[in-house]
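What follows is calculated from the coordinates using simple rules that are stated; it is not laboratory data. From a predicted model like this one, the values you see are computed outputs, not experimental measurements. No Cβ is skipped: glycine too gets one built from the backbone with ideal geometry, and neighbour counts run over all protein chains shown.
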Amino acid sequence: MTIDHRPGIRRDVECALVFNFLVPSVVALQIAPAAPTDASRSEQLMVIRGDGSEQVPVVETAGPHRGRVHIIEAPAGPVTLSYRAVTSPSVDSAGSDASISGAPMTGQSTEPSPYADEVLTALRQSRYCPSDLLVSFAMAELGAWVGTERIAAAASSWVFERIAYVSGSSGPTDTAVDTLLSGRGVCRDFAHLTATLCRALGVPARLVSVYAPGLVQMDFHVVVEAWRAGRWHVLDPTRLAPRSSLVRIATGRDAADTSFAATIRGDVEMVSTEVSAVVDGDLPADDHESVFMLGYG
């Protein structure tokens, strides 16, 4: 089976978040699709506080890997956010932060060096991906794949087969080692463990938060990008959504870089989260074995 490669397929994504600002606080949000290579998106963002009569100003700033961060500063009290976008990810020829979405490579490649900062950073251990602790384990389980083009896919398959997906089974401070020891987790944990195993085997890997049409139990989702043959190949160790339907939000070392909401100052309670993501037409098929590269927009 091969992935349904349809460039520019329309995605409709939205989320509704309700916070309780316990004191005057500042929150950084990563909920909007990463910047496209061309104008391919319409969107609407609304943030209100209290009874809905006062709109909260929002400041947008650029994040790494074309990510977009929205800053909300508000006094104590309830804050409600609604975001909606219609997006058609663009087709691009580059191999890094302009990776294509669902189409063959075209034009002149601008792929970075294997020693570029973004590649080397994705090879290092990080807060939730302590790959230095799992080198011996990774070699014992997956060492036979070292030196092959299938090494990252083998790590993703290992996690899919060995870890149980159990909603609510992990906490916000759990690392890949915690997931390995417990044998269960959610998409964040699956991605952390896959990225950790890849790095332990010498393969640069990073996390990507996404909107995921077709996801079972709809929510924000997290997948992995592994650097192989000069390209970032996307892997979903949960196999819960087709990769060609995904919409990139944030890209980074682990959940510390890709969280959809982070308190910068103050004390904030998350009251509720609703997420929706659909594609125009039938949901594309995915065998989770074919090579696929995730685009922007």
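Once both axes come from the Cα atoms, what is the angle between helix 187-200 and the longest principal axis of the chain, in degrees from 0 to 90, rounded to 10?
40 degrees
What is the Cα centroid distance between segment 50-91 and segment 234-297, reported in whole angstrom?
Computed from Cα coordinates, the inter-centre distance equals 17 Å.
Report the gain in length on full extension from Arg124 to Ser272: 0.36 nm times residue separation, minus Cα-Cα distance, nm rounded to one decimal.
Separation in residues times 0.36 nm, less the Cα-Cα distance, equals 49.9 nm.
Once a ≥ b ≥ c are taken as the square roots of the eigenvalues of the Cα gyration tensor of segment 126-174, is the result rounded (a/c under 1.5), prolate (a/b larger than b/c) or oblate (a/b not larger than b/c)?
Since a/c reaches 1.5 but b/c is at least a/b, the shape of segment 126-174 is classed as oblate.
Measure nothing but the geometry: give the 0 to 90° angle between the long axis through the Cα atoms of 151-162 and the longest principal axis through the Cα atoms of the chain, rounded to 10°.
70 degrees
If the chain between Asp280 and Glu73 were fully stretched, how many nm would it gain, using 0.36 nm times the residue separation less the Cα-Cα distance?
71.0 nm
Running a GNM on the chain with Cα contacts under 10 Å, which residue among Cys198, Cys129, Cys15 ends up with the highest mean-square fluctuation?
Most flexible of the set in this elastic network: Cys15.
Give me the percent relative contact order of the chain, please, defined on Cα pairs under 8 angstrom at least 6 residues apart.
Rounded, it is 30 percent for the chain.
Label-point separation (nm) for Arg84 and Val58, each offset 7 Å from Cα along Cα-to-Cβ?
So the label points at Arg84 and Val58 sit 1.3 nm apart.
Among Ile71, Ile31, which comes first, then next, by fewest other beta-carbon atoms within 10 Å?
Lowest count first: Ile71, Ile31.
Which far-off residues, 5 or more places away or on another chain, put their amide H under 5 Å from the one on Ala261, with H placed in the peptide plane?
The answer is Gln30.
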